[in-house]
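This report refers to the structure that appears directly beneath it.
The values are calculated or read from the model by the stated rules, or taken from the named source; none is laboratory data. Keep in mind that this is a model prediction, so the values were computed, not measured. Backbone-built Cβ (ideal geometry, glycine too); neighbour counts: all protein chains shown.
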Amino acid sequence: MSHLLEINNLDVKFDTDEGRITAIENVSISLDQGKVLGIVGESGSGKSVTAKSIMQLNPGNTIYNDDAEIIIDDENVLKFTSNNDLKKIRGGKVSMIFQEPMASFAPAIKIGHQMIEQLMIHKPLTKKEAKDISIDMLNRVGIADAEKRFNQYAFELSGGMRQRAMIAMALSTMPKLLLADEPTTALDVTIQAQVINLMKDIIKEFNMGVIFITHDLGVIAQVADDVAVMYLGSVVEQGPVNEILKNPMHPYTRGLINALPDINNLDAPLTPIPGNIPSPLDRPNGCVFRTRCPHASKEGKEENIKMGLVEVKPGHWLDKCGVDCGKK
Amino acid sequence: MSKNIVSVNNLSVSFDYQENFLSKKQKIKAVNNINIKIKKGSFFGLVGESGSGKTTLGRAILGANKISTGNVIFHDDDRDYDLTSINSKEMKEYRKKAQLIFQDPYAALSPRMTVRDIIAEPLEVMKITNSREETDEKVREIASKCRLNLEHLRRYPHAFSGGQRQRISIARALVSNPKFIVADESVAALDVSIQADILNLLKQLQNELNLTYLFISHDLSVVAHVCDIVAVMYLGHIVEMAPSRDLFSNPRHPYTKALLSSIPSIDPENKSKAIELEGEIPSAMNPPSGCVFRTRCPHASQDGKEENIEMGLEEVEPDHWVDRCGVSCG
């Protein structure tokens, strides 16, 4: 069976005034229908750029490598040039939910109007049908008084409500693939719990594939089936969520887990990962994590390593450089 | 037994609100009848969702918000400062002793000032030092305590990462040698590994400089880790207050229970048993009568008897305070 989404050897570079910077290097991931892939990492690790590449939303100074492939339904998105082709992806087969719902709705247009507009672009519907679908969708995501909310502006809704409306809008076109970029980060914990449960139900009901981007390992543990840990544009560890979180092998994954305050173990010290994430302008050669790795060798042999994932256990993929030091 | 450094007695803070210039003025009670005592040398945590009044309470204690009723008293070694009857000269003294660390280290630092000037500004404004040499000396001393590279003092904030900027903000808050610090969501904007670093730094500085913190956060696991005592706020009221271990192992109020159960567990097999709260926090303009939590409370009675309850904390165990309404239903 072919995958719903397949990304092969993706490199993303940006041309800036200060030079060409590498945002993503050699990322390969795949996703099946009905599955949730979590992408986790610190700011600047390339999580959002990966998602935006799928929708071709990266800015004009973006350079993709020639042999990269992003395949959805046997078509390589990166080879799309015309707007009509891209329309099939953006809001059609793929929808995206952003972190800040206030920024994703136009402030001066009613929510209902925005929902109808995007539905009618993608589906041959009359205005009436589009309205019915939109209101039905608002009801499904648990918005009370959907008819009233439909005629309101984004600022009239609370944060949790706005995020629900955003989810309703993203789902109304019945996408096959949903990209959720930090969808719960701006929400309070009780609202976050509501939104997570809602998303889980909807993912099951619509049987779509989801890429769930977050920096919160707790959210990943609750939502995702598989997880990819990213650092400075590279995937350093990848596999089923249970395996990765219970048996992390890459020093970065371990570092992330150790830095996290665990409410069930208040005596555990908080151990920060030493140093800072390097600027993408001087991305380390070889193993990207070597500048902060507690196991980095004195003689600097990690400088000459070529990164790449190897399967250490069935389903558990680990960066080559991390295989040795992960055993320590 | 150590002494209190801050006592908050029956404190309420309200804001005037007018929908438009023709409509009647309304009062919004952001903080309602709060009583807390912060012990010297403690790490006092204040948690709650957005709109619960955490920040307003913190600012009122610093004298940055007007107090409507009640009072706040800061107990210094030799004298007390009562913030309701303080004059401007005393206020200046108080400002040296109580300082604030902000949430967003990107917004809190002026991009046009060097790090040295940013840290030195409080010294100059409060006229603590008399010469440039003395100022420089103090800046270097605090910067090295906050683990800043002294060679970086001549640079501008844009050259620094989030974690380094937060260390600059901390150095600026501590340079006047305060005794009491309000840290308002000071790690919320940081990545987890940097968050761990800053939390460790705050702890270490507490020991070195004998500080007392009021630590405001929405993140319960962070609060559980660093704080000795925690107060949970909901819609302007404290609904539960206890030593943190006690609070997290034995929560009594239904809101505290729901908050704790909402934290996503990092163990994938421990699928969430979140007590899902219905709806959202009501608007402070129109708070529920009686128990403010009753509109979302899973134990609210059918006959609505919670509407007529007067809120107030009761001591259910030594040092463990729970709102009256929550005692019975918890």
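Table: residues versus (1) within 11 Å of another protein chain (Cβ to nearest Cβ); (2) surrounded by 24 or more Cβ atoms within 10 Å (Cβ to Cβ); (3) acidic (Asp, Glu); (4) more than 24 Å from residue A:168 (Cβ to Cβ).
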| residue | (1), (2), (3), (4) |
| --- | --- |
| A:197 | yes, no, no, no |
| A:202 | no, no, no, no |
| A:206 | no, no, no, no |
| A:260 | yes, no, no, yes |
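Can you confirm whether residue A:299 is farther than 21 Å from residue B:164 by Cα, surrounded by 12 or more Cβ atoms within 10 Å (Cβ to Cβ), more than 14 Å from chain B (Cβ to nearest Cβ) and among the charged types (D, E, K, R)? No. Considering (1) without any contact (Cβ under 8 Å) to a residue 12 or more places away in the chain; (2) polar (S, T, N, Q); (3) part of a strand (DSSP E or B), the lone condition that residue A:95 does not fulfil carries the number (1). Against the conditions (1) in contact (Cβ under 8 Å) with a residue 60 or more places away in the chain; (2) assigned to a loop (DSSP other than H, G, I, E, B), residue A:317 satisfies every one except (2).
The set of residues in region A:125-143 that are on the phi < 0 side of the Ramachandran plot, under 28 Å from the mean Cα position of the chain (by Cα) and not hydrophobic (A, V, I, L, M, F, W, C) comprises A:134, A:136, A:139, A:140.
Here are A:75, A:100: which of them is of a type in the set (D, E, K, R) and touching a residue at least 60 places away in the same chain (Cβ under 8 Å)?
A:100
The numbered conditions (1) assigned to a helix (DSSP H, G or I); (2) surrounded by fewer than 21 Cβ atoms within 10 Å (Cβ to Cβ); (3) not assigned by TED's automatic domain parsing to the domain that holds residue A:310 are all true for residue A:149 except (2). Right, residue B:32: within 25 Å of residue B:313 (Cβ to Cβ) and buried (at least 19 other Cβ atoms within 10 Å of the Cβ) or not? Spelling it out, residue B:32 is indeed within 25 Å of residue B:313 (Cβ to Cβ) and buried (at least 19 other Cβ atoms within 10 Å of the Cβ). If the condition is being crowded, with 24+ Cβ neighbours inside 10 Å and within 13 Å of chain B (Cβ to nearest Cβ), then region A:227-244 contributes A:227, A:229, A:230, A:231, A:232, A:239, A:244. Screening residue A:160 with (1) in a helix (DSSP H, G or I); (2) surrounded by 12 or more Cβ atoms within 10 Å (Cβ to Cβ); (3) more than 14 Å from chain B (Cβ to nearest Cβ) gives one miss only, at (3). Can you pull out the residues in region A:144-166 that are at pLDDT 85 or above, of a type outside the set (D, E, K, R) and farther than 18 Å from residue A:182 by Cα? Answer for region A:144-166, where residues must be at pLDDT 85 or above, of a type outside the set (D, E, K, R) and farther than 18 Å from residue A:182 by Cα: A:146, A:150, A:151, A:152, A:153, A:154, A:155, A:157.
Being β-branched (Val, Ile, Thr) and either surrounded by fewer than 23 Cβ atoms within 10 Å (Cβ to Cβ) or more than 15 Å from the chain's Cα centre (by Cα) (or both) is the filter; apply it to region A:182-195 and report the residue that is farthest from residue B:277 (Cα to Cα).
If we take residues in region A:182-195 being β-branched (Val, Ile, Thr) and either surrounded by fewer than 23 Cβ atoms within 10 Å (Cβ to Cβ) or more than 15 Å from the chain's Cα centre (by Cα) (or both), then A:185 is farthest from residue B:277 (Cα to Cα).
Taking the stated definitions as given, is residue B:182 outside any loop (DSSP other than H, G, I, E, B), in the same structural domain as residue B:94 (by TED's automatic domain parsing), among the hydrophobic types (A, V, I, L, M, F, W, C) and crowded, with 16+ Cβ neighbours inside 10 Å? Yes; evaluated as a whole, the condition is true for this residue.
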